[in-house]
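K.L.:
One structure is given below, represented as structure tokens, and several questions about it will come after.
The values are calculated or read from the model by the stated rules, or taken from the named source; none is laboratory data. Bear in mind the structure is a predicted one, so any value in this text is a computation, not a measurement. Methodologically, a virtual Cβ is constructed for each residue, glycine included, from the backbone with ideal geometry; neighbour enumeration extends over all protein chains shown.
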Amino acid sequence: MKSVMKRGLFACAVGAFVALSSFAGAPAIAQEEESPWTKACNTNKNTQKEICFISIELRTNTGQFLSNIAIQEVEGEARKKLLVAVPTGVLIQPGLRIQIDDGKPLQAKYSICAPNACYAELAIDDSFINSMKQGGEMRVAPYNQQAKEIVFKMTLIGFTKVYDGEPMNIADLQKRQEELQSELQKRADEARQKLIDAQNKSE
């Protein structure tokens, strides 16, 4: 369970919280099929308030991390946070751009860079959530060291059902994570074998 909860941990958040991995990066899927978004909730031991995270993670076919988005909601609080993780090596200023379909782009500032990722956060409200529910795609665009945008695209298909639904059971989440890791390992092995085969043919 701990290995699942650690993935996507945002060091910049006050108190530890989880942004859980999913099948992000897969092609857009129909609303009735399994969504790449996940929802997980736990109770803050200090405040006794429930904290929920609705998240999605984007990886390459071989498992390389690209980006993670999580909405943080605290029981009884209207204010929400959009938490974003991107790979290290990005240009810290001016932050990163977040856009839903053709809507107005928003800028999020980085809070911290850890060895594995840089983390940004943005205060959001119900109108932003409604835009996500009605949207088809969210784009996260950090800047590389040449000040050029790198665009990561996250599907919003299936988001509404997950957001409005019940949180996932930890056992189910663990199973889903294991299936994802198995699939990523399979893809990585296939890519490695193709490279070996190509090298053997060239000799």
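K.L.:
Do you know which residues across segment 154-173 are of a type outside the set (Val, Ile, Thr), under 24 Å from Val90 (Cβ atoms) and in contact (Cβ under 8 Å) with a residue 60 or more places away in the chain?
P.N.:
The one that is of a type outside the set (Val, Ile, Thr), under 24 Å from Val90 (Cβ atoms) and in contact (Cβ under 8 Å) with a residue 60 or more places away in the chain: Met154.
K.L.:
Of the residues that make up segment 16-31, is at least one modelled with pLDDT of 90 or more, buried (at least 19 other Cβ atoms within 10 Å of the Cβ), out of contact with any Asp or Glu (no Cβ under 7 Å at 6 or more places or on another chain) and outside any strand (DSSP E or B)?
P.N.:
Within segment 16-31, not a single residue is modelled with pLDDT of 90 or more, buried (at least 19 other Cβ atoms within 10 Å of the Cβ), out of contact with any Asp or Glu (no Cβ under 7 Å at 6 or more places or on another chain) and outside any strand (DSSP E or B).
K.L.:
Would you tally the residues in segment 167-203 being at pLDDT 75 or above and within 19 Å of the chain's Cα centre (by Cα)?
P.N.:
Adding up the residues that qualify gives 2.
K.L.:
Then there is this: Would you mention how many residues in segment 100-137 are assigned to a loop (DSSP other than H, G, I, E, B) and surrounded by fewer than 18 Cβ atoms within 10 Å (Cβ to Cβ)?
P.N.:
So the answer is 10.
K.L.:
Would you mind finding the one in Val162, Val140 that is part of a helix (DSSP H, G or I) and among the aliphatic types (A, V, I, L, M)?
P.N.:
On inspection, the qualifying residue turns out to be Val162.
K.L.:
Another question, if that's okay. Select, from Ala85, Ala108, the only residue that is within 24 Å of Thr62 (Cβ to Cβ), at pLDDT 90 or above and of a type outside the set (D, E, K, R).
P.N.:
After ruling out the rest, the residue left standing is Ala85.
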